[in-house]
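The values are calculated or read from the model by the stated rules, or taken from the named source; none is laboratory data. These numbers come from a predicted model, not from an experiment. Glycine gets a Cβ as well: all are built from the backbone with ideal geometry, and neighbour counts include every protein chain shown.
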Amino acid sequence: MQLTLILEKHNNVELLKAELEPNCWKSYVADSGAVVYLKPDLYIVTTTDDYEDHWFFEIDLATESPSRVIRKCQQYYHYYQSGTEQRNSGVFPLVVWITPKRASTARLLRY
């Protein structure tokens, strides 16, 4: 896997797990009592000599409106608050947003 080669080349990072959607989608119970799904684009677990890190990735190709992206950010927050991931894995993954252009990033930061 290309990602494995890139990670291992830099800082001795080893890829332990990689899940693409829909395998990385997470269900949790919302405050309303309804079961909802967080749908990251990618979930990975990496390790170095000292740490194991968990990551959710969102790939924004600038096709979504800023309000939709903000709603997705809020959903990550609600998922964090649910405690579901922390109970299952012991940690809450870092969330990495990837945008195609600096203008896309700037647009989201202004929103």
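Summary of computed values
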read-out	value
Residues being modelled with pLDDT of 70 or more and either within 21 Å of ASP31 (Cβ to Cβ) or not basic (Lys, Arg) (or both) - total across segment 97-108	4
Matching residues in segment 61-80 - criterion: being within 27 Å of LEU15 (Cα to Cα) and out of contact with any Leu (no Cβ under 8 Å at 6 or more places or on another chain)	LEU61, LYS72, CYS73, TYR77, TYR80
Residues of segment 71-93 that turn out to be out of contact with any Asp or Glu (no Cβ under 8 Å at 6 or more places or on another chain), of a type outside the set (D, E, K, R) and assigned to a helix (DSSP H, G or I), as a count	12
Inter-residue pairs, beta-carbon under 8 Å, first under 14 Å from ILE98 (Cα atoms) and in segment 42-61, second polar (S, T, N, Q) and surrounded by 17 or more Cβ atoms within 10 Å (Cβ to Cβ), 6+ apart	TRP55/THR46; ASP60/THR99; ASP60/SER104
Residue in segment 5-25 that is crowded, with 17+ Cβ neighbours inside 10 Å, at pLDDT 90 or above and aromatic (Phe, Trp, Tyr) present	no
Filter result (within 13 Å of GLN81 (Cα to Cα) and over 11 Å from the mean Cα position of the chain (by Cα)) within segment 28-45	TYR28, VAL29, ALA30, ASP31
Among (1) touching a helix residue (DSSP H, G or I) at 6+ places or on another chain (Cβ under 9 Å); (2) farther than 22 Å from ALA34 by Cβ; (3) surrounded by 12 or more Cβ atoms within 10 Å (Cβ to Cβ); (4) not polar (S, T, N, Q) - the single one GLU85 does not satisfy	(2)
Test: residue in segment 47-59 that is touching a helix residue (DSSP H, G or I) at 6+ places or on another chain (Cβ under 9 Å) and of a type in the set (A, V, I, L, M)	no
Any hit, segment 89-96, residues being at pLDDT below 95, within 12 Å of the chain's Cα centre (by Cα), of a type outside the set (S, T, N, Q) and closer than 17 Å to LEU15 by Cβ	yes
Count of segment 40-67 residues which are charged (D, E, K, R) and out of contact with any strand residue (DSSP E or B) (no Cβ under 8 Å at 6 or more places or on another chain)	3
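Let's see how each residue does on (1) at pLDDT below 90; (2) of a type in the set (Phe, Trp, Tyr); (3) not in a strand (DSSP E or B):
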site	(1), (2), (3)
TYR37	no, yes, no
ILE44	no, no, no
GLU58	no, no, no
GLU64	yes, no, yes
VAL69	yes, no, yes
